[in-house]
Amino acid sequence: MKLKLERPLAFIDLETTGVDVATDRIVEIAIVKWNPDGSEEKHAFRVNPERPIPPESSAIHGIYDADVANEPTFEALSKKLFKLLFDCDLAGYNSNKFDFPLLAEEFLRVGIFFDLSERNMVDVQNIFHKLERRTLAAGYRFYCGKILNNAHSALADTEATLEIFKAQMERYLGQSLEDDFGNELVPFDNTIESIHQFSKVQNNVDLMGRIVYNNDDVPVFNFGKYKGMPVTEVLTKDPGYYSWMMRGDFPMYTKKVLTTIKDSM
């Protein structure tokens with residue numbers, strides 16, 4: 001069964017100053033755009049994060065302050081990146097938890113709302129973990145029969161992620177499989193929407209999963225003392241909770257979603 005692409009699918013990988021979505025910055029972004037006609041476009045940008053890169057982060061991705069000192073800031077690249085991704089669904093590796101939320105934060109910092117609510121987002125890691133449960137390098141070896149060289153180079157990781165995704169489609173499209181409990185399932189069809197649904201771990205309202213939909217499609221808090229309670233119920237019962245979250249170290253995207261829910265009450 002051939003994969004059906006309605007619009008381009010942009011595979012994204014970020015190298016960053018750290019792993020805190022709310023506070024860390026991008027130092028490199030790579031995009032491999034897979035078009036419906038089968039063609040591919042590759043883009044890679046180094047980014048000046050306007051802050052020192054911690055040594056422990058540089059030790060992982062090999063990017064140091066001197067490497068990005070003369071590179072453009074995210075703000076300088078933002079319009080180009082927004083245009084490049086404007087018509088795309090998104091894909092990546094561990095991207096639903098990290099790359100997409102952090103990218104959305106960077107856009108918000110420069111006054112651009114990178115709306116993800118109408119996009120399909122495919123997390124190749126979630127597909128992999130649900131069906132094979134391995135790491136990126138092991139996945140590359142398992143699906144593609146290759147050794148991943150230049151790991152933590154954004155472009156190398158992005159290209160490897162695209163290769164893994166294509167191999168997953170060859171392996172799983174149209175196939176009946178079993179989950180961990182021996183139940184038969186067809187994981188997805190050849191539409192990105194179905195793959196988007198399968199690759200999700202939970203039904204997030206915001207990108208970081210601080211607010212999620214419950215089984216009745218009601219937004220509920222997914223952390224803290226009000227975990228599992230409807231957001232509107234909490235904000236009615238404890239109006240100060242909204243102010244506490246808006247002052248807190250939560251991602252801007254989470255705050256924007258929370259404000260949207262509050263304004264709809």
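The values are calculated or read from the model by the stated rules, or taken from the named source; none is laboratory data. Since the model is a prediction, treat every value here as computed from it, not as a measurement. Quick reminder, even Gly has a Cβ in these numbers, built from the backbone with ideal geometry, and neighbours come from all protein chains shown.
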**OP:** For residue 116, indicate whether it is within 22 Å of residue 16 (Cβ to Cβ), in a loop (DSSP other than H, G, I, E, B), of a type in the set (A, V, I, L, M) and more than 19 Å from the chain's Cα centre (by Cα).
**Re:** no
TODO: Looking only at the range 135-152, decide whether some residue is at pLDDT 95 or above and either under 17 Å from residue 18 (Cα atoms) or surrounded by 21 or more Cβ atoms within 10 Å (Cβ to Cβ) (or both).
DONE: no
Next item on the list: Taking residue 183 as the residue in question, decide whether it is under 24 Å from residue 87 (Cβ atoms), in the same structural domain as residue 60 (by TED's automatic domain parsing) and surrounded by fewer than 19 Cβ atoms within 10 Å (Cβ to Cβ).
Entry: no
Those residues of the range 190-207 which are touching a strand residue (DSSP E or B) at 6+ places or on another chain (Cβ under 6 Å), surrounded by 14 or more Cβ atoms within 10 Å (Cβ to Cβ) and assigned to a loop (DSSP other than H, G, I, E, B) amount to 190, 205
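For the range 216-265, give me each residue that is in a loop (DSSP other than H, G, I, E, B), free of Cβ contacts under 8 Å to residues at least 60 places away in the same chain and closer than 20 Å to residue 116 by Cα. Give the derivation first.
Filtering the range 216-265 down to residues in a loop (DSSP other than H, G, I, E, B) leaves 216-218, 222-223, 227-229, 238-239, 248-251, 264-265.
The next check asks that each one be free of Cβ contacts under 8 Å to residues at least 60 places away in the same chain; those that pass are 216-218, 222-223, 227-229, 238-239, 248, 264-265.
Result: 217, 218, 222, 264.
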Scan the range 131-152 and tell me whether some residue there is on the phi > 0 side of the Ramachandran plot and charged (D, E, K, R). yes
Those residues of the range 208-229 which are at pLDDT below 95 and surrounded by 19 or more Cβ atoms within 10 Å (Cβ to Cβ) amount to 208
Taking the range 18-74 and the residues there that are in a loop (DSSP other than H, G, I, E, B), crowded, with 19+ Cβ neighbours inside 10 Å and β-branched (Val, Ile, Thr), the one that is nearest to the chain's Cα centre (by Cα) would be 21
A careful count of residues in the range 50-76 that are free of Cβ contacts under 8 Å to residues at least 40 places away in the same chain and under 28 Å from residue 8 (Cα atoms) gives 5
Handout entry: Check on residue 234, of a type in the set (Val, Ile, Thr), surrounded by 17 or more Cβ atoms within 10 Å (Cβ to Cβ) and either on the phi > 0 side of the Ramachandran plot or out of contact with any Pro (no Cβ under 9 Å at 6 or more places or on another chain) (or both)
Key = yes
Among (1) over 23 Å from residue 122 (Cα atoms); (2) touching a residue at least 40 places away in the same chain (Cβ under 8 Å); (3) more than 17 Å from the chain's Cα centre (by Cα), residue 7 falls short only on (1)
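Would you pick out the residues in the range 104-150 that are small (Gly, Ala, Ser) and touching a helix residue (DSSP H, G or I) at 6+ places or on another chain (Cβ under 6 Å)? Please lay out each step first, then the result.
We begin by selecting, within the range 104-150, every residue small (Gly, Ala, Ser); these are 104, 111, 117, 137-139, 145.
If the condition is that a residue be small (Gly, Ala, Ser) and touching a helix residue (DSSP H, G or I) at 6+ places or on another chain (Cβ under 6 Å), then 104, 139 are the ones that fit.
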Checked pairs for the range 97-108, first assigned by TED's automatic domain parsing to the domain that holds residue 29, second at pLDDT 95 or above and in a helix (DSSP H, G or I), C-beta under 6 Å and 6 or more apart or across chains, list as 104/253; 105/252; 106/74; 108/252
